[in-house]
1. Please compare each pair in 43/260; 286/323; 2/253; 43/269 to a cut-off of 30 Å on the Cα-Cα distance and tell me which ones are over it.
2. Could you give the angle, 0 to 90 degrees to the nearest 10, between helix 173-186's Cα long axis and the longest principal axis of the Cα atoms of the chain?
3. Between the alpha-carbon centers of segment 43-93 and segment 194-213, tell me the distance in whole angstrom.
4. About its Cα centre, what dipole magnitude does the chain give when the only charges are +1 on Lys and Arg Cβ and -1 on Asp and Glu Cβ, stated in debye to the nearest 20?
5. What's the angle, to the nearest 10 degrees (0 to 90), between helix 47-58's Cα axis and the longest principal axis of the chain?
6. Taking the Cα atoms only, what angle lies between the long axis of helix 99-125 and the longest principal axis of the chain, rounded to 10 degrees?
7. Can you give the Rg and Dmax of segment 84-203 based on its C-alpha atoms, in angstrom?
8. Between beta-carbons, use under 14 Å as the cut-off and find the net charge around residue 187, counting Lys and Arg +1, Asp and Glu -1.
Amino acid sequence: MKLDAIIAPVQEELKSFETHFRRSLRSDVGLVDAVVRYMVKRKGKRIRPALVLLSAAACGGIHETTYRGAALVELLHTATLIHDDVVDDAGTRRGWPSINAIWKNKVSVLLGDYVLARGLLLSLENEDIAFLHSTSIAVKRMSEGELLQIQKSRQMNTDEKTYFRIIGDKTASLLATCCEIGARSATEDTETIERLRAYGEALGIAFQIRDDILDFLGTEATIGKPVGGDLKEKKLTLPLIHAFQNAPSSERKRVLRALKSGVRRKDIKEIVAFVQKYSGIIYAEKVANEYRDRAIETLRDLPDSEARHSLTVLADFVVARKK
């Protein structure tokens, strides 16, 4: 099933979300308005707002506070993407020139700050303090996860425990926040809210493991980025970590030498073969499926609904996707 079909139960609500999102970014400064218009036209799949809306729908219904929560997480996500493009010196975003490629780094950094501030004000002005608390935790975790990954890529000593800390903080924290905010906008039942948060956390970990698998098995045409990108950045992900655990010391040292000296195209093919030889892919797929099952289990006691079904199918989708 395609992603559009999965989020179909909230397709109309996503259109209403777009109105809230655009309204939250308005400015009387011409440069801000011009960059924002460019940014909004090149929107992605809106998976995070969709998660907020689906979680609310599964827990009782979508309300005005749901739209504000969805706008908040998308503003936060957008701000991080703008700053990431500056840090990575990225020239494109979703196939279009990035903001920093057109308006340069100073404008990009300031715009990222502006977008983040608009999200904070949206919550404060409406006294959505619980939303603000949840997103603040997510920002903290995302920053710590990114910095920990930078530290470990320099040291080249990421173990499995550290890997899960990194992907939990970098990826799963924001998806968990989306689901928590959606549930919180629809119900006051703390057990239900925590259940949806746990769903988002497990979903995010399964998603990132699949992403890391595709870095070994995908093609640039299907995944939309160069294969072996993590290897070039000296990131040790689950397939490679597990292969290291199984491989003889001599082979492990050979691969580590290649990573430390900077991998070339031929090195990537050899490292992919190494990961497959020592069951890194099989193991990572098994773990991703375990987190998928964990995510689905958290939904078990929710009332039957289209939204709950979509959340279930989404968990299957993230571990089966090819890009």
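1. From the list (43/260; 286/323; 2/253; 43/269), the Cα-Cα distance tops 30 Å for 43/260; 2/253; 43/269.
2. 30 degrees
3. The two parts, judged by their Cα centres, are 16 Å apart.
4. About 1720 debye.
5. 60 degrees
6. With both axes taken from Cα atoms, the answer is about 50 degrees.
7. Considering segment 84-203 through its Cα atoms, Rg and Dmax are 16.9, 47 Å.
8. For residues surrounding residue 187, the net value is -2.
Taken together, the values in this text are just the output of simple stated rules run on the coordinates, not laboratory data. Values in this document were obtained by computation on a predicted structure and should not be read as measured data. Methodologically, a virtual Cβ is constructed for each residue, glycine included, from the backbone with ideal geometry; neighbour enumeration extends over all protein chains shown.
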